[in-house]
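A short write-up of the structure that comes next.
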Amino acid sequence: MIANHPDDPAIPAAASAAQRKLFFALWPGEAARAALAALQAGVPGRLTPRDKLHLTLAFLGRQPADAVPALLDILHALSVPPMRLEIDCYGHFARPRIAWAGMTQVPPALDALQADLVRRLEGAGFSAATHGSFKPHVTLAREADQAPAAPPAAPVVWEVMEVALVESLPSGVYAPLS
């Protein structure tokens, strides 16, 4: 767990201790991350840095630092079934101008995992911003006016290994907490 950042002057310890920007995500291993990054070729917009590629399950926004232990308890209580995701299509969200990669067939286990996570969060008093119905995707680029016209040449197969509680640090780094 990242409690303070004494070595990083860009992150005041008092500010990081008071509020933390958090989300739950499927966190790819290196092979899946490299394959997802390859999908960015030809994608218009400001590309998501490779080390930030993930699939958000629940966005929590700013949370008090003392909420982290309860969120880690929720994380550790989740049962993550073996899942194989086939990222095989591109899409676009017009309003936030995001180009993304996703699945034409979402595994029922993914929907069930996300619903279980949201239930656990709500049961513990947390509100997870879902922005409507769950649309699993990996953000490839921001400031994008459209998605690539053709689907990916080959699907990216992602064997899901873990769910992570991730902190978005003021420095721009995404840091999984454990």
At 222 nm, what value in deg cm²/dmol follows for the chain if DSSP H runs of at least 4 each add -39500 (n - 2.57) and the sum is divided by all its residues, to the nearest 500? -7000 deg cm²/dmol
Could you check the simple spin-label distance between ARG84 and LYS21, using points 7 Å along Cα→Cβ, in nm with one decimal? 3.7
So how far apart, in nm, are the two label points at HIS76 and ASP111 if each is 7 Å from Cα heading toward Cβ? 3.2
What is the set of long-range amide H partners of LYS21 at a cut-off below 5 Å, with H atoms built 1.01 Å from backbone N? GLN63, SER168
Measuring from a point 7 Å past the Cα of ASP145 along Cα-to-C-beta, which residues in region 33-52 have an amide N at less than 20 Å? 41-48
With a Förster radius of 35 Å, plug the Cβ-Cβ distance of THR104 and VAL173 into 1/(1 + (r/R0)^6) and report the FRET value to the nearest 0.05. 0.65
Correct choice for semi-axes √(5λ) of the Cα gyration tensor in Å that was computed from the model, options (1) 35, 20, 14; (2) 29, 16, 13; (3) 27, 20, 15: (3)
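Would region 8-112 count as rounded, prolate or oblate if I go by the C-alpha gyration tensor, calling it rounded below 1.5 in a/c and otherwise prolate when a/b exceeds b/c, oblate otherwise?
Oblate shape, in that a/c is at least 1.5 and b/c is the bigger or equal ratio.
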Taking the Cα atoms only, what angle lies between the long axis of helix 68-77 and the longest principal axis of the chain, rounded to 10 degrees? 50
Fewest to most neighbouring Cβ within 10 Å: what's the order for THR139, THR104? THR104, THR139
Quick one: of the DSSP bridges fully inside region 94-178, what percent are antiparallel, nearest 5? 100
Could you work out the relative contact order of the chain? I mean the mean sequence separation of Cα pairs under 8 Å and 6+ apart, divided by the number of residues, in percent. 35
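Any read-out appearing in this document is the output of simple, stated calculations on the displayed coordinates, not a laboratory observation. Predicted model only: the values in this text are computed from it and were never measured. Ideal geometry is used to build each Cβ from the backbone, glycine not excepted, and the neighbour counts take in all protein chains shown.
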